[in-house]
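**Q** Next up is a structure, given as structure tokens.
Just so you know, all these numbers are worked out from the coordinates, no wet-lab data involved. Because the structure is predicted, anything quoted here is derived from the model rather than measured. Here Cβ is always computed from backbone atoms with ideal geometry, including for glycine, and neighbour counts include all displayed protein chains.
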Ligand code: NAP
Ligand code: ZN
Ligand code: ZN
């Protein structure tokens, strides 16, 4: 086993603190990766604080992992030592069910091994995430990262990137469509970049007036401060698709009413409490509501290659791993522009 430095939460109330974990020696099909950077996703916070239930401790969060290959197993064909690679929200899945067979591993019908707060395929060995110095992953679940992408800014693509790219593609966002993005955080700012790159006219709905200028710079045409909005009538029936990335409870009916006939509200944000749905917000215009979970390996690679081609990366604030607790507090306050990324080179050897 490989002794590995990490940062872990010991219970839902504890701060993250140094912790030692064991990684497996790479097997024939494994890749051992030196982790250079890991993004701080709001899902890390929900889970470290057990806001979704079923959290298991000690927990090493982190699923926006980028780094360099240290060494590979004897049967690994796709990777070589020194290459830049990424690992996202899962490190294995059953590989046999219809979803896995279709490359939609995130919807695995048997057991998906999320990168942390979960177990390997044996359903016993705990998984530990990217707030650590190295990780061993089967090559099938490792992504290639183009040299055109700066690594720290590429890290958030592994979750925030694919989570927003996937529904925009699935619901066929195209040139000339009106797309709303609710919440300008880690996911939201990637959604704005992708929707704009796909040719949509993007409107940001935000509770933070200070983000207005950035929203435009990121590609949005319009900005709505939802805290001070007095007259929402001009927004009714205007949008083909609205992507809601808000991490806290809020009124979704407000946004449903902004959809055109048959428009879709896609929920990617996952607050800890259920939403109240006003049925007429859907019924009156045959509107739809959908959810979307991250993306499969094939689509994640497609998104990374799209980003390399279009020069799309995340806006990041890189901090040493020792500042992770501060990064959590600032993320909760919405004080992040627009993703914290931990520098794991500061963890020590
Ligand atoms: P984040 O960076 O904290 O962004 C969330 C944004 O929501 C904030 O920046 C803020 O934007 C807005 N917001 C926060 N509190 C609010 C409130 N009380 N009322 C209204 N707006 C509020 O979080 P993230 O990392 O982007 O993640 C967002 C959510 O998506 C989380 O719940 C996370 O767990 C979930 N998630 C889901 C998936 C998936 O596969 N579906 C994947 C990753 C993450 P403004 O300042 O602009 O208002
Ligand atoms: Zn995430
Ligand atoms: Zn499966």
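**Q** Which FRET efficiency, nearest 0.05, do residue 310 and residue 222 yield, Cβ-Cβ r, R0 22 Å?
**A** 0.50
**Q** Moving on. In nm, what is the difference between 0.36 nm times the number of residues separating residue 329 and residue 144 and their Cα-Cα distance?
**A** Result: 63.4 nm gained on full extension.
**Q** Cut-off 10 angstrom, C-alpha nodes, Gaussian network model of the chain. Which of 145, 294, 283 fluctuates the most?
**A** 283
**Q** For the modelled label position 7 Å from the Cα of residue 107 along Cα-to-Cβ, which residues of the range 273-306 have backbone nitrogen atoms closer than 15 Å?
**A** 289-300
**Q** In what order do 280, 223 fall by count of nearby beta-carbon atoms within 10 Å, going from fewest to most?
**A** Ascending number of Cβ neighbours within 10 Å: 280, 223.
**Q** If you don't mind, another one. Mean-square fluctuation check for the chain, GNM, Cα pairs under 10 Å: which of 305, 138, 251 is largest?
**A** It is 251.
**Q** For helix 160-170, report the angle its Cα long axis makes with the longest principal axis of the Cα atoms of the chain; keep it between 0 and 90° and round to the nearest 10°.
**A** 50 degrees
**Q** Where does each of 118, 159 land when they are ranked from fewest to most other beta-carbon atoms within 10 angstrom?
**A** 118, 159
**Q** How do 252, 35, 332 rank when sorted from fewest to most other Cβ atoms within 10 Å of their own Cβ?
**A** Fewest to most other Cβ atoms nearby, the residues stand as 332, 252, 35.
**Q** What percent antiparallel are the DSSP beta bridges of the chain, to the nearest 5? Don't skip to the answer; put the middle values down first.
**A** Values: 33 of 60 bridges.
So the antiparallel bridges amount to about 55 percent of the total.
**Q** Continuing with this model, one more query. Roughly how many nanometres apart are two label points built 7 Å out from the Cα toward the Cβ at residue 170 and residue 262?
**A** It is 2.0 nm.
**Q** When the chain is fully extended, how far beyond the present Cα-Cα distance does residue 78 get from residue 343, taking 0.36 nm per residue of separation? Walk me through the numbers on the way to the answer.
**A** Values: separation 265, 0.36 × 265 = 95.40 nm, distance 2.61 nm.
Between residue 78 and residue 343, full extension yields 92.8 nm more.
**Q** Sticking with this structure for a sec: So how much slack lies between residue 57 and residue 96, counting 0.36 nm per residue of separation and subtracting their Cα-Cα distance, in nm?
**A** Working: separation 39, 0.36 × 39 = 14.04 nm, distance 2.92 nm.
Gain on stretching residue 57 to residue 96: 11.1 nm.
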